[in-house]
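*Asks:* This structure is in structure tokens; I'll ask about it shortly.
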Amino acid sequence: MRTLEEADVLARLALDNPWWRTGTVEAYVAALPRRALFEAFFHRVNRPGGGPPLVLAGPRRVGKSVLIRQIIARLIDAGTDPRGILYVSLDAPALHGLPLDRLVAVACAPDQPGFLFLDGLHHLRDGEATVAALAAAQPSLRVVAGVAGGAAPRPRDGNLFVLPPLTFCEYLRFTGAERDLIEPMFFGKGTPMYVVRDMAALNERFVHYVNGGGFPEAVLLRPAPGDAGHHLRNEVLAALLHQDLPGLTGIASTPELNALLALLARNTGREVSIEAIAERAGIAKNTIRRYLDYLEASHLIIRMGRVHPEGGRFRRMRTFKVHLASPCLYAALFGPVAADDPLFPALAESAIIGQWLASADLPNLVYARLPEGSVDLVALSPDTGRPAWACALPGTDESVAGDATINGLIQFSRRNAPLRWIGATTRTQAALKAHDGVEVWHRPASQYCYEVGRRVAEEVGA
């Protein structure tokens, strides 16, 4: 029986590395828009020397493979020898079972500087350790590995880069609406402010984003909201819940995991507990914890911890808030939600929280619950662990009048004064108003969502 020879391996690799022959990446890659984090990721890839592997993590279908190929195109444009760039798709059947060091030895000249891009690290047994050993043995090789879902390693030494679902800013950019709706205003050298030219149109786009704008292909290939929902249900959701990925991380019951995700989606933006989830889902609490860890590592949900009214963290977390990392998953599971639906404010809240998915500040975002009401978003200082700013996310214009939706915010702000910033989201109104002596910045939820996504991208790239 004929075995796989070196020439066979090289021929297979050449299929995925057309720049060896042409000097360029495929034309379709250049035609696709770049993600907002492109420059930040490129600088991480192109840093001098080899060093530990750089891991690109994120849910399936957010564009990790496209981003890698766009980075390769940029490297070639910057003068990198195309023969010094190797891309390996680890889920290619022809390469299955071949030792990684053999693939590198076949395609890469020894001791020559170069780049190795591994797509689908989760398909490689003991992938994290194997790639780390390879990077240590090949100090001249810059190793970059893409990984989907819960197989992503824990961040260490800044070598994990998260590519989230589309932010609202990116959605507007990809659909060509950003310039028509948003105008940046610069005052000196400070952070720009963003003026909304047409609030009604921005809110309409925000509804489309919440229902179908989180994944590039649903936006670029199916721009109509109805078509986007169909594509999310039949393509994106099927890939996100694909059975092989949970199995690779030791989860045996994929249907049980999917049912839990549906339950969490129904409660996005709400406070939940392990006990309540276990009772409702009929799953053991330890299993629930393992499933939650997987879904969070897969960047499908975000868990927010709670702080005391005085701002301190609880020693034991009995309750937490759950958010879909991309609220369009709700529409994919249960259908679109209209702007006047009672559920929409919770989805809008999750959309805002999801803008921080790629930010190092995400672990410092918490919420508070007081007798007077809840505070949906509190940022803790990484230096002191104390509240730095706070925001209520009711998304209703009634909050400007000082109704019950921000009573908790006012009391929390007094107990934890001074705070750097205090805010509350509305539907259409923007105003700075004092409530019982506490100044609150009111701004529409759609505008705030845009600003957060844009500033997170800028901070990651700084």
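*Asks:* Check which residues have an amide H placed less than 5 Å from His442's amide H, if you skip close sequence neighbours.
*Replies:* Ala424, Ala431, Leu432, Lys433
*Asks:* How large is the dipole of the range 318-462 about the Cα centre if only Lys and Arg carry +1 and Asp and Glu carry -1, each at its Cβ, rounded to the nearest 20 debye?
*Replies:* 360 debye
*Asks:* Residue-wise, which Karplus ³J(HN,Hα) couplings in Hz belong to the range 320-332, taking 6.51 cos²θ - 1.76 cosθ + 1.60, θ = phi - 60°, and x for glycine or proline?
*Replies:* With the stated coefficients, the range 320-332 comes to 7, 9, 10, 10, 5, 4, 9, x, 5, 5, 5, 5, 5 Hz.
*Asks:* Please give the charge dipole size of the range 6-162, origin at the Cα centre, charges +1 on K and R Cβ atoms and -1 on D and E Cβ atoms. Round to the nearest 20 debye.
*Replies:* 500 debye
*Asks:* How many percent of the alpha carbon pairs in the range 372-461 exceed a separation of 23 Å? Walk me through the numbers before you get to the answer.
*Replies:* Numbers: 862 of 4005 pairs.
So the pairs more than 23 Å apart make up 22 percent of the total in the range 372-461.
*Asks:* Quick one: Karplus J couplings for the range 377-394, per residue in order, coefficients 6.51, -1.76, 1.60, θ = phi - 60°, nearest Hz, x for Gly and Pro?
*Replies:* Going residue by residue, I get 8, 10, 9, 8, 5, x, 8, 10, x, 9, x, 9, 7, 8, 8, 9, 10, x Hz, with x marking Gly and Pro.
*Asks:* If amide H atoms are built 1.01 Å from N in the plane of the peptide, which residues on other chains or at least 5 residues away come under 5 Å of the amide H of Ile301?
*Replies:* Those lying under 5 Å, H to H, from Ile301 are Glu296, Ala325.
*Asks:* Let me ask another. Counting only helical runs of four or more DSSP H residues, what would the 222 nm mean residue ellipticity of the chain come to if each run contributes -39,500 (n - 2.57) and the total is spread over all its residues?
*Replies:* Using -39500 (n - 2.57) per qualifying helix, the result is -11000 deg cm²/dmol.
*Asks:* Also, I was wondering about something else. Considering only the chain, what is the antiparallel percent among its DSSP beta bridges, to the nearest 5?
*Replies:* Working: 27 of 57 bridges.
Taking every DSSP beta bridge within the chain, about 45 percent pair in antiparallel fashion.
*Asks:* Given the range 6-162 reduced to its alpha-carbon atoms as identical point scatterers, what log10 I(q)/I(0) does the Debye formula return at q = 0.11, 0.18 Å⁻¹?
*Replies:* The computed values of log10 I(q)/I(0) come out as -0.38, -1.16.
*Asks:* Residue by residue through the range 18-32, which ³J(HN,Hα) values in whole Hz follow from phi under the Karplus form 6.51 cos²θ - 1.76 cosθ + 1.60 (θ = phi - 60°), with glycine and proline marked x?
*Replies:* Working through the residues one at a time gives x, 5, 4, 9, 9, x, 9, 7, 3, 4, 5, 5, 5, 7, 7 Hz.
*Asks:* Can you tell me the relative contact order of the chain? Whole percent, Cα pairs under 8 Å, sequence separation 6 or more.
*Replies:* For the chain, the relative contact order is 14 percent.
*Asks:* Of the options Tyr450, Val29, Ala379, report the single residue whose Cα projects farthest towards the positive end of the charge dipole of the chain (beta-carbon charges: Lys, Arg +1; Asp, Glu -1).
*Replies:* Ala379
*Asks:* Per residue and in cubic angstrom, what volume does the convex hull of the Cα atoms of the range 277-356 have?
*Replies:* Spread over its residues, the Cα hull of the range 277-356 gives 137 Å³ apiece.
*Asks:* Mind listing the long-range amide H neighbours of Arg270? Cut-off is under 5 Å, sequence gap 5 or more, other chains count too, H placed in the peptide plane at 1.01 Å from N.
*Replies:* Val322
*Asks:* Another question, if that's okay. How big is the charge dipole of the chain about its Cα centre, in debye rounded to the nearest 20, if each Lys and Arg gets +1 on its Cβ and each Asp and Glu gets -1 on its Cβ?
*Replies:* With only Lys, Arg, Asp and Glu charged at Cβ, the dipole is about 760 debye.
Each value in this text was obtained by applying a stated rule to the coordinates, not by laboratory testing. Here the structure is a predicted model, which is why all the values come from computation and not from measurement. Positions of Cβ are backbone-derived with ideal geometry, glycine not excepted, and every protein chain shown enters the neighbour counts.
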